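Input: a single structure, listed below in structure tokens.
The values are calculated or read from the model by the stated rules, or taken from the named source; none is laboratory data. Only a predicted model underlies this, so the values are computations on that prediction, with no experimental measurement involved. Ideal geometry is used to build each Cβ from the backbone, glycine not excepted, and the neighbour counts take in all protein chains shown.
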Amino acid sequence: MIEQLPLERLALWVEKRPNAVWLSQPVNGQWHDVTWAQVDDQARRMAAALHALGCSPGDRVALLSKNCAEWVIADLAIMLAGLISVPLYPLQSAESINYVLHHSQCKVIFLGKLDEPAKLEPGITPELIRIAMPYPTIKAEHGWHALLAAHAPLLDAHVQSADALLSILYTSGTTGQPKGVMLSAKAFAYAGSQSVKELQITEQDQYFSYLPLSHAAERFLVEMNALYSGGRIAFVESLETFASDLRHVRPTVFFSVPRLWTRFQQGVLEKLPQAKLARLLRIPMIGSLVAGKIRKGLGLDRARILVSGAAAIPPALLEWYQSIGMTVCEGYGMTEHMAYGCFNRPGQVRFGTVGRPMPGNELRIADSGEILLHCPSLMLGYYLDPEKTAETITDGWLHTGDKGEVDAAGFLKITGRVKDIFKTSKGKYIAPAPIEGEIAKNLLVEQVCLMGSNLAQPLALIELSPAARQQAREHVAAELLHTLQQLNARLEAHERLSHFIVVREAWTVDNGCMTPTMKIRRNVLEGLFLDQLAALDAKQPLHWQ
């Protein structure tokens, strides 16, 4: 049951708590608070500005910025004006931005905080109307504060309907061009309202927003959950201030991705090596003091809901956090259903799984092993792509493309991607995810990618952690070879790895090896390393690129 659509929920808080702070934005180290009434006023002024700039109901408006208070206000302004938002990843390439803007037929673009605006500007076509948020960004003919000052708040705001299109979210595209996922007001409302109720999130809760709001997970878990709970959102100012901003905010709800959970762990272990930490944690009283100091140092001492999503997280990493009193709840969702899928609720956590379906969701496993979901937050379809829509949704069931299994208690375990499974030259099929998970238990490993299509035996590409790159090669080599030996002893003969290849260059969004949501592009990595496989020495299982 949907109680209120997003704009109705905004109106509730404006009436109930107009002077309560909702958004907190750091600028040059100073925190600026924005109340519910101020958010509503600015959003209505910007909505009026959009109408004055020639936008008509149904027109698409793009958002290109890192997370900030203005991003959320612009999003609400687009809704109030009856327009459709098209968020862009601030780490997208200019070519990808250009594709999305053309494909979605955007009329206006909001431009905000960007690390390298000059690199992205070629992707923005000249005919687009540009509005610049109050940060260094791409050149625009209209400024945020000037538009707010020039327009009175829009009184006759758009009235949302449940099934109407609210936003087009483009998938990050591990293969091929991104697809435009059409999400309704109902999808936003259902995901936000139900998760707030299920997790008992209230107006006392505090969020910390830094993962791209252009991604369904952050938009649902932070923007919508805050809108439906009344909780506050604080934003990070920059990568350089991330740690201090996090300690300042001390969120009660915190969402991150596996790569960053790994980085947080590495930062702790650089100051307090694992062997010493383990010894201290075993000592009564001292152990709890040490764990508490670590949590406070991270800025997560108040956090009661810790979430990991977007990619698989090694159970060993979850256990490490558990040892310092932090239960990280892994979840699973896709853009195609507003990321409202399965979740390990606090107090109901089973490591190695992504939890049980959230309220209202139905889950079943197809005969092929594929995970199918039937959910009220399901997309309306892919924009301008009815064929792909028909392939993905059958009789109301979403074909996720992921393989999984459900245990007796209803917890879902992801076993890999349907398309990731490859066949060796011996005709044997291998699912890479479980093997990658075992390799990732080694703390020296930042990321791992298994490949082996048409090879006699699979092999693993390994990106070392920053800490491992500082250590002696002999020590790292010994540890990796030990991991390889122990792993191969447990694998079936056809699964045993012939080599570990330690890559020279880190996998990033810029070099095309990662999607903007930090997923590995397996096909890209395979293409990069395919030509090098012939030169591998069969007698040397560890190869340094």
If we scan region 177-184, do we find a residue that is assigned by TED's automatic domain parsing to the domain that holds residue 91, buried (at least 24 other Cβ atoms within 10 Å of the Cβ) and out of contact with any Asp or Glu (no Cβ under 8 Å at 6 or more places or on another chain)?
-> yes
Identify the single condition in (1) at pLDDT below 90; (2) surrounded by 18 or more Cβ atoms within 10 Å (Cβ to Cβ) that residue 439 does not satisfy, given that it satisfies every other one.
-> (1)
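Table: residues versus (1) touching a residue at least 60 places away in the same chain (Cβ under 8 Å); (2) more than 25 Å from residue 201 (Cα to Cα).
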{"site": "283", "(1), (2)": "no, yes"}
{"site": "296", "(1), (2)": "no, no"}
{"site": "320", "(1), (2)": "no, yes"}
{"site": "334", "(1), (2)": "yes, no"}
{"site": "339", "(1), (2)": "yes, no"}
{"site": "365", "(1), (2)": "no, yes"}
{"site": "370", "(1), (2)": "no, yes"}
How do the strands (runs of 3 or more DSSP E) wholly within region 1-80 filter down when requiring 1 or more residues that are more than 26 Å from the chain's Cα centre (by Cα) and in contact (Cβ under 8 Å) with a residue 12 or more places away in the chain: which remain?
-> 30-35
Within the bounds of region 235-243, is there any residue that is in a helix (DSSP H, G or I) and not assigned by TED's automatic domain parsing to the domain that holds residue 345?
-> yes
When region 34-66 is checked residue by residue, the ones that are of a type outside the set (A, V, I, L, M) and under 21 Å from residue 169 (Cβ atoms) are 55, 57, 58, 59, 60, 65, 66
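Select the helices (runs of 4 or more DSSP H) contained entirely in region 377-494, then report the ones holding at least 1 residues which are free of Cβ contacts under 8 Å to residues at least 12 places away in the same chain and of a type outside the set (A, V, I, L, M, F, W, C).
Numbers: elements: 386-392, 432-439, 466-469, 473-490.
Correct list: 386-392, 466-469, 473-490.
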Quick one: would you say residue 190 is more than 28 Å from residue 27 (Cβ to Cβ) and aromatic (Phe, Trp, Tyr)?
-> yes
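In region 357-376, what residues are touching a Gly at 6+ places or on another chain (Cβ under 6 Å) and not in a loop (DSSP other than H, G, I, E, B)?
371, 374
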Looking only at strands (runs of 3 or more DSSP E) that fall completely inside region 119-213, which ones have 3 or more residues that are touching a helix residue (DSSP H, G or I) at 6+ places or on another chain (Cβ under 7 Å)?
-> 165-170, 206-209
